[in-house]
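Have a look at the structure below, then the notes.
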Amino acid sequence: MAMGWVALAFVYLGGLFWLARWGDSDSPLAKKLTSHPAIYSLALAIYCTAWTFFGSVGEASRNNWQYLPILLGPMLVYVFGFRFIQKLTLVSKKQHITTISDFISSRYGKRQTVALLVTIIALLATIPYVALQLKAIGSAFQLVSDQQDSELIVFLATIFIAIFSIYFGTQKTDVTEYRRGLMLAIAFESSVKLLALLVIALVAFFMWYPLSTAPLLQSFSTPEALSTFQSFPFIAQTIMAGAAVICLPRQFHVAVVDNLSLEHLKTARWLFPLYLGLIAITIPVITVAGQTLLAHTTSETDTYVLELALISGSGLVQMLVFVGGLSAATAMIIVATLTLSTMLTNDVILPRMLDKHSTAYHQRNVSKVILVTRRCVIAGLLLLAYLYHQQMGNSRSLASIGLIAFSLVIQLLPAIVGGLYWKKGHAHGVYAGLI
């Protein structure tokens, strides 16, 4: 049984590898498809990680509408902050920006220390969050296979992600060049996780409906539940999520660096919020069904999505939900690792390496040195995340790691806004703010 789920995971991941390779091919269909604005818009949904896929239902079970701010913030930013995103992308394209640290540094006199500080903050936020995705993969495997030990699947998934990231993310030194295959793979994974949530919400509704005469969203429409919308945590987390969709390094890379055309933003302005809105609609349905059908079990609320799939009796639904969770985790890890490796290579390692051995490196192929360095950094980052997962795997504090990551990266927002609109902004102010 366990080996069947391992096989499914690797068939899916292998298919993803093939799809990305096909996207990088010279086929006219591949070029047309990967250049479509819908692919860009769906790739933005990398924002929805495994903790959105599994943890939103848990949050809704505990605090009703408190799950919504993480989805509502980005929706409001893309609908009402469209001009800001457009200007951010336009300026970045003109200056050939490669990462969020490069953007902030370039707007404040190309100071290396600014880039270094931003990279450190990104590293502190990303490593635990990647470890959380690995934990989610392991937890999902444990649940569907009824195995206590999930270390093998987590280890194998980490190895696959390293190979995938190195193969598709380090073929060329110019990271501003549009990576068609990678974007196609991310967009496909976004489609899979949305489909999985829509299907399990539909299945959950039809399992719940014959067993209850109460209105579906009764627990979400009480005065106490509705008062959540006026609470400080709801408003604060909405603002945090709106800031995070701009400041998360992986989100900045997909939205800005991998933007093929400014025209694509017009599609993303409605398609990305629509995607998030569809996910937001599924969460209460899955929550209410889980509370009804799993009330007398020992199931944790964060596992309702998978538990409902398991009691549905449909192998197809179980496979789809498992693969959906796998998609949510792997897509985030791949892009976050690639982005962080670029930041560490460009802002920390290469400046010192090239300064120290400038004569030697001028005589060699610098491109090869950059690619090898970036590959080593990717491997090192995933090893760090895996070790963090090993040490902190049983810590319940990981449940809030997404919010902690958000609170870290939104420290970058004043520097980004100031860099775009305030010509008198100085690097010393950025130092003070970030420190």
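The values are calculated or read from the model by the stated rules, or taken from the named source; none is laboratory data. On a predicted model such as this, the values are computed, not experimentally measured, just so you know. Heads up, the Cβs are rebuilt from the backbone with ideal geometry, glycines too, and the neighbour counts pull from every protein chain shown. What goes into the accessible areas is simple: the full protein's heavy atoms, side chains included, and nothing from ligands, DNA or RNA. Shrake-Rupley method; radii C 1.70, N 1.55, O 1.52, S 1.80 Å.
Criterion first (assigned to a helix (DSSP H, G or I), touching a residue at least 60 places away in the same chain (Cβ under 8 Å) and not β-branched (V, I, T)) does L29 satisfy it? No. Listed here are the helices (runs of 4 or more DSSP H) enclosed by the stretch 220-326 that have at least 3 residues being crowded, with 22+ Cβ neighbours inside 10 Å and among the small types (G, A, S): 232-247, 264-293.
As a summary of the residue check, L124 satisfies the conditions (1) at pLDDT 85 or above; (2) crowded, with 22+ Cβ neighbours inside 10 Å except for the one numbered (2). Candidates are the residues of the stretch 70-121 that are without any contact (Cβ under 8 Å) to a residue 60 or more places away in the chain and within 20 Å of G242 (Cβ to Cβ); the one that is surrounded by the fewest Cβ atoms within 10 Å (Cβ to Cβ) is R83.
Residues considered: A204, A214. Of these, the only one that is open to solvent by less than 50 Å² (accessible area, probe 1.4 Å) and not in a helix (DSSP H, G or I) is A214. Here V348 fulfils each of the conditions (1) under 16 Å from A50 (Cα atoms); (2) crowded, with 18+ Cβ neighbours inside 10 Å apart from (1).
Candidates are the residues of the stretch 6-26 that are within 12 Å of L326 (Cβ to Cβ) and not aromatic (F, W, Y); the one that is most open to solvent (accessible area, probe 1.4 Å) is V11. Residues in the stretch 167-188 that are touching a Ser or Thr at 6+ places or on another chain (Cβ under 9 Å), part of a helix (DSSP H, G or I) and over 19 Å from A328 (Cα atoms): R180 only. Only residues that are in contact with a helix residue (DSSP H, G or I) (Cβ under 8 Å, 6 or more places away or on another chain), open to solvent by 50 Å² or more (accessible area, probe 1.4 Å) and at pLDDT 85 or above were counted across the stretch 384-412, and they come to 4.
For the residues L152, L124, the requirement of being assigned to a helix (DSSP H, G or I) and either more than 25 Å from S407 (Cβ to Cβ) or touching a His at 6+ places or on another chain (Cβ under 9 Å) (or both) singles out L152.
Condition (residue is at pLDDT below 90, of a type in the set (F, W, Y) and assigned to a helix (DSSP H, G or I)) applied to the stretch 63-83: is it met by at least one residue? Scanning the stretch 63-83, I find no residue that is at pLDDT below 90, of a type in the set (F, W, Y) and assigned to a helix (DSSP H, G or I), so the answer is no.
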